[in-house]
1. Would you mind telling me which residue in 97, 37, 155 has the biggest mean-square fluctuation in a Gaussian network model of the chain, where springs connect alpha carbons within a distance under 10 angstrom?
2. Just subtract the alpha-carbon distance of residue 103 and residue 117 from 0.36 nm times their residue separation and send over the number in nm, one decimal.
3. Among 64, 130, 56, which one shows the highest mean-square fluctuation when the chain is modelled as a Gaussian network with alpha-carbon springs under 10 Å?
4. Report the accessible area of residue 31, computed with a 1.4 Å probe over the heavy atoms of all protein chains in place, in Å² rounded to the nearest 10.
5. Sort by residue number and name the cysteines in the chain that have no neighbouring cysteine Cβ under 4.7 Å.
6. What length, rounded to one decimal in nm, is gained on full extension from residue 54 through to residue 38, with 0.36 nm per residue of separation minus their alpha-carbon distance?
7. Can you order the peptides 141-148, 45-52 by their average number of other Cβ atoms within 10 Å per residue, highest first?
8. Do any of 49/84; 10/115; 2/89; 2/129 go past 18 Å between their Cα atoms, and which?
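The values are calculated or read from the model by the stated rules, or taken from the named source; none is laboratory data. These numbers come from a predicted model, not from an experiment. Cβ atoms come from the backbone with ideal geometry, glycine included; neighbour counts cover every protein chain shown. When the accessible area is computed, the model is the full protein with side chains, heavy atoms only, and any ligands, DNA or RNA have been set aside. Shrake-Rupley method; radii C 1.70, N 1.55, O 1.52, S 1.80 Å.
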Amino acid sequence: MKISLLIETKGLTVFGDVRAEYGADLMTVRVNVPSLGQEVPVIPGTQVKGSLRTVATMIHDILASKNIISWNTGYFKTCLGSLKSPCGKCLICTIFGYPGLPHSPLHVTNFYPVKPDKIEEVVSQGLTKALQQPDYWVLPETMYITRTRINDSTGTVSPGALYTYEHIY
């Protein structure tokens, strides 16, 4: 089964990857688009999949209590959908996978910045073919914002508390 999803960002957004070699604390993930010959900022599919897993974990017991799902609900009580101690048998682990599983049953691709008037073409052609079309993609601006970490217990600035996020504008 294939499901297409459109994410529209509002204002400054952060979808990042923590890598020290970039020189920022949280950098926007970029992926090469061959038709453009350059890297573009993307929303990593892993972040979307993680968000879906979190929501599924939060509503699992509600759906089970209403008899909307009934498959292996007892196993969920042992792992609660956690990746730290997965049971490998509950509905969450079965759909989203877990560490040690060679391939997750659910695959979520990266989300690319597409021109608004090209959305239908991307959906109809599929991502692989659409990535070959250079006029489908937008190169969003990014900007760096420096912030200060506050110590919750004292309400003061934490030592060494300056950090930088790269935002998609």
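1. 155
2. Stretched out fully, the residue 103 to residue 117 stretch lengthens by 1.6 nm.
3. Comparing 64, 130, 56 in a Gaussian network model of the chain, the most mobile one is 64.
4. Approximately 40 Å² for this residue.
5. Here 90, 93 come out as lacking a disulfide-compatible partner, given the Cβ-Cβ threshold of under 4.7 Å.
6. Working: separation 16, 0.36 × 16 = 5.76 nm, distance 3.28 nm.
Separation in residues times 0.36 nm, less the Cα-Cα distance, equals 2.5 nm.
7. Numbers: 141-148: 11.2, 45-52: 14.8.
The densest-packed peptide leads the list: 45-52, 141-148.
8. Details: 49/84 16 Å; 10/115 15 Å; 2/89 24 Å; 2/129 15 Å.
Too far apart for the 18 Å limit: 2/89.
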